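**Student:** This is the structure I have questions about; it appears just below.
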Amino acid sequence: MTKTVGILLIVIGLVALAWGGFSYTTKEKAVDLGPVEITKETRKTIPLPPVAGAIALVAGIALIATSKSTA
């Protein structure tokens, strides 16, 4: 179980360092005049700080290094 969590943290850390965040698009109503409706798409980005990715990577490596060998 500890090795699995460690591997998961390493993967999450690498993705956070490589990708840097994720974006998504929302539709918002800009104008609503009776039968006329105008919408606009807004792209929003949620950044992932590199420090968080590095911490997850180091924590994953530490978990794997300190886990007991079952083999």
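**Student:** Please go through segment 8-50 and pick out each residue that is surrounded by 10 or more Cβ atoms within 10 Å (Cβ to Cβ), out of contact with any Pro (no Cβ under 8 Å at 6 or more places or on another chain) and either in a helix (DSSP H, G or I) or touching a residue at least 40 places away in the same chain (Cβ under 8 Å) (or both).
**Tutor:** Answer for segment 8-50, where residues must be surrounded by 10 or more Cβ atoms within 10 Å (Cβ to Cβ), out of contact with any Pro (no Cβ under 8 Å at 6 or more places or on another chain) and either in a helix (DSSP H, G or I) or touching a residue at least 40 places away in the same chain (Cβ under 8 Å) (or both): Leu8, Leu9, Ile10, Val11, Ile12, Gly13, Leu14, Val15, Trp19, Pro50.
**Student:** Let me ask another. Could you please find all residues in segment 51-71 being among the polar types (S, T, N, Q) and either surrounded by fewer than 10 Cβ atoms within 10 Å (Cβ to Cβ) or farther than 14 Å from Thr2 by Cα (or both)? Steps first, please.
**Tutor:** Initial filter on segment 51-71 (among the polar types (S, T, N, Q)): 66-67, 69-70.
Within segment 51-71, Thr66, Ser69, Thr70 meet the criteria.
**Student:** Say whether the condition of being of a type in the set (Val, Ile, Thr) and at pLDDT below 90 is met by at least one residue in segment 18-28.
**Tutor:** No, segment 18-28 contains no residue that is of a type in the set (Val, Ile, Thr) and at pLDDT below 90.
The values are calculated or read from the model by the stated rules, or taken from the named source; none is laboratory data. Keep in mind that what you see is a predicted model, and the values were worked out from it rather than measured. In this analysis, Cβ positions are derived from the backbone assuming ideal geometry, glycine residues included, and neighbour counts consider all displayed protein chains.
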